[in-house]
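Written out below as structure tokens is the structure these notes cover.
The values are calculated or read from the model by the stated rules, or taken from the named source; none is laboratory data. Fair warning: this is a prediction, and the values are worked out from it, not measured in the lab. Heads up, the Cβs are rebuilt from the backbone with ideal geometry, glycines too, and the neighbour counts pull from every protein chain shown. We work out accessible area using only protein heavy atoms, side chains counted, and drop any ligands, DNA or RNA first. Shrake-Rupley method; radii C 1.70, N 1.55, O 1.52, S 1.80 Å.
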Amino acid sequence: MNLTNEEYGKYVKRHALPSPVVKDTVKAFVIGGTICAFGQALQYLYVAVGMDKEIAPVMVSVTLILISVVMTGLGLYDSVARHAGAGTLVPITGFANAVVSPAIDNKAEGLVLGIGVKLFSVAGPVILFGTLSSVVYGIYYYVMKLMGV
Amino acid sequence: MAGVIKFGNKPEILASSAVGGDTEAKGNLGKYFDMTDPTDRFGKKTFEQAESEMQRLALNFALKKSGLTPDDLDAVFAGDLMNQCTGSSYGLAEFGVPFFGLYGACSTAAEGLMLAAMTVNCGYFERAASVSSSHNSAAERQFRFPLGYGCQRPPTSQWTATASGAFILGLCSGETGVVLSEALPGKIVDKGITDQSNMGAAMAPAAASTIHRYFSESGMHPDDFDLILTGDLGQEGHSICRELLLSQGLRMGENFSDCGILLYDSEVQDLHCGGSGCGCSASVTAGYVMKKFAEGKIKNILLIGTGALMSPSSVLQGLAVSGIAHLVRFSKI
Amino acid sequence: MIIGILKAFAVGGLLCAVAQVIIDKTKLTPARILVSYVCAGVFLTALGLYRPLVEFAGAGATVPLTGFGYSLAKGTAKAIDQYGAFGIISGGLAGTAAGITAAVVLGFTSALVFPSRPKFKNFISESKKTK
């Protein structure tokens, strides 16, 4: 009990069951890879049926978003994600899940302050910081262009 | 400081009851619940309302068992995990019993028992109830992530129990023969743990401190008890607590266990370190422990209700999670 | 075509695996991972590294959230080429408009349709119970 906070923190870190990094990573790789491979197959399909080559990847994302939204609604996404970890977080499906899940959760709080506000609770920061960095990049790109680089 | 409180007038547990959700029904102690609901909703629209309903049901079951009516109760001490203690206030309003709302995080069951026993022992109240609850879906939403959000839970994490436990205390009449004989209120212990997914480690020092104080002041020995139960340290926190006590020369035996570990089937249910939440220690004590008393299997136990004191904002602001541990002793007379 | 799908699998899987190692090692919350990945996508595009990756792996690079960052940056560059400085504020969201609109609209709709469920309980386990 005479441990200082720092000593106790170190002791707890040593004591804690470690996350099974190798197992987690393999699962994330396989499941995340499968989602992307499925996306690629869809993209070939969309192009094959005559979709524009620029539009096809965007429609792939939209399709994956749709699948993720339905799976989240049926309560399946979190059951897969508890195994897949980053494998279902990093693909665009993870973003869609982050949009839908708080919205469903908070519908009892109303359309505007429940669904409307919470829809952006995880997705908001993603859009905010994404837009911010795109503006920073835009300024850089514009200046470089003016200088003729 | 007052130290260990001895209840000379023998406040007795006249009746107790436990209500739980689906995960609890499938756990090790499923059969000790008075009622479980496979949907976790208890007929309500939201999980917050379901938590209130669990408290209402639990107190109702306890009243029925003791043959009392709400009018026979002089006060109820109740708490839960939701913001501003609404689980208790909405759940217990209709009884019309004078109400004390408590917040001791997951230690609330022990805190409520202790306060109810104090008031009964001193004669302020003839009978008082203690009710506490937690609901996994309500707590996840408030403290962690949305329910359908895909996230991986680290191995040290615990599972907030969907459960409620109620006790009715009165001066000893030999109803169950189980009295609260001693209590030791806990101090807030901050050991600088900021990891929200390792609550066991945040609470273990508080538990160790209260247990150590109890044994050094009371002159008792761990082997004098049939069971020494910490509230919801989980496997991680419980084993830390055991090591902390050993380092202070207190060797805990096989009778040292934890409500969070007992509640679930760790091999099948994959809930990592075990249960947590106000409802965990409340339902395990009100259901399982009281049943074992009734069967005559145990005569003397300690419950050390453990709580992690924090809020979603305090965690985001990077403040450490401090722990608290309240001790109560149950004895069969 | 098979090669293309395999490439998408390998690159997409790798991007996820990196995030998993970061989560396990640093306890970084999932929301922070998402934000970092989007910003990393913009940054890597600025350095000229992400475009070749998209050309190589296709959906393996556009489906992970770094691809969202890539679309933001690509949209910005395109709008600047077209409209000059105005593109700095108009391009990013234009490049990702379809994804954001789909997520928001579908998210809202499904919130109206689906009930909220306890964690790790899905409609299959629920329908089993009612039998």
Would you call A:Lys145 within 17 Å of C:Leu106 (Cα to Cα), charged (D, E, K, R) and free of Cβ contacts under 8 Å to residues at least 12 places away in the same chain? no
Kindly establish whether B:Asn28 is open to solvent by 50 Å² or more (accessible area, probe 1.4 Å) and modelled with pLDDT under 95. no
Can you say whether B:Glu236 is open to solvent by 50 Å² or more (accessible area, probe 1.4 Å) and acidic (Asp, Glu), as far as the supplied structure shows? no
Where residues in region C:22-33 are surrounded by 21 or more Cβ atoms within 10 Å (Cβ to Cβ) and out of contact with any Leu (no Cβ under 7 Å at 6 or more places or on another chain), which of them is farthest from the other protein chains (Cβ to nearest Cβ)? C:Ile23
Based on what the data block shows, is A:Leu3 open to solvent by less than 30 Å² (accessible area, probe 1.4 Å) and more than 7 Å from every other protein chain (Cβ to nearest Cβ)? no
Looking for whichever is of a type in the set (Lys, Arg), open to solvent by 50 Å² or more (accessible area, probe 1.4 Å) and out of contact with any strand residue (DSSP E or B) (no Cβ under 7 Å at 6 or more places or on another chain) here; the options are B:Arg242, B:Arg251. Which one fits? B:Arg251
With the first residue restricted to region B:307-327 and required to be free of Cβ contacts under 8 Å to residues at least 40 places away in the same chain, and the second required to be open to solvent by less than 10 Å² (accessible area, probe 1.4 Å), Cβ contacts under 9 Å at 6 or more apart or on different chains are B:Ser314/B:Val321
Tally, over region A:98-116, of residues that are facing chain B (nearest Cβ under 10 Å) and open to solvent by 30 Å² or more (accessible area, probe 1.4 Å): 3
Which of the strands (runs of 3 or more DSSP E) found entirely inside region B:144-260 contain at least 1 residues meeting this: of a type in the set (S, T, N, Q) and at pLDDT 95 or above? B:163-171, B:178-184, B:227-230, B:256-258
Selection count where residues are without any contact (Cβ under 8 Å) to a residue 24 or more places away in the chain and more than 18 Å from A:Cys36 (Cα to Cα), scope region A:71-86: 6
How many residues of region B:264-285 are part of a helix (DSSP H, G or I), under 12 Å from the mean Cα position of the chain (by Cα) and closer than 21 Å to B:Ser137 by Cβ? The answer is 7
Among the candidates C:Ala19, C:Ala61, residue that is within 7 Å of chain A (Cβ to nearest Cβ) and either more than 11 Å from the chain's Cα centre (by Cα) or small (Gly, Ala, Ser) (or both): C:Ala19
For region A:117-130 the number of residues that are part of a helix (DSSP H, G or I) and surrounded by fewer than 19 Cβ atoms within 10 Å (Cβ to Cβ) is 5
Out of (1) farther than 27 Å from B:Phe47 by Cα; (2) more than 7 Å from every other protein chain (Cβ to nearest Cβ), the one A:Gly124 does not meet is (1)
Name the residues in region A:10-23 that are part of a helix (DSSP H, G or I) and within 7 Å of chain B (Cβ to nearest Cβ), would you? A:Val12, A:His15
Residue under question is B:Arg153, and the condition is that it be open to solvent by 10 Å² or more (accessible area, probe 1.4 Å), touching a His at 6+ places or on another chain (Cβ under 8 Å) and within 14 Å of chain A (Cβ to nearest Cβ); does it hold? yes
Tell me, please, whether a residue that is within 7 Å of another protein chain (Cβ to nearest Cβ), of a type outside the set (Ser, Thr, Tyr), more than 21 Å from B:Asp270 (Cβ to Cβ) and not in a loop (DSSP other than H, G, I, E, B) can be found in region A:80-91. yes
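Condition check ((1) away from chain B (no Cβ under 14 Å); (2) out of contact with any Asp or Glu (no Cβ under 8 Å at 6 or more places or on another chain)) across all residues:
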residue: A:Tyr46; (1), (2): yes, yes
residue: A:Val49; (1), (2): yes, yes
residue: A:Val70; (1), (2): no, yes
residue: A:Ala96; (1), (2): no, yes
residue: A:Lys118; (1), (2): no, no
residue: A:Gly130; (1), (2): yes, yes
Considering region B:119-150, residues that are out of contact with any helix residue (DSSP H, G or I) (no Cβ under 7 Å at 6 or more places or on another chain) and among the aromatic types (Phe, Trp, Tyr), and then whichever is surrounded by the fewest Cβ atoms within 10 Å (Cβ to Cβ), we arrive at B:Tyr124
Do any helices (runs of 4 or more DSSP H) lying entirely in region C:1-116 carry at least 1 residues that are modelled with pLDDT of 95 or more and closer than 29 Å to A:Leu74 by Cα, and which ones are they? C:2-26, C:30-46, C:59-62, C:65-83, C:87-113
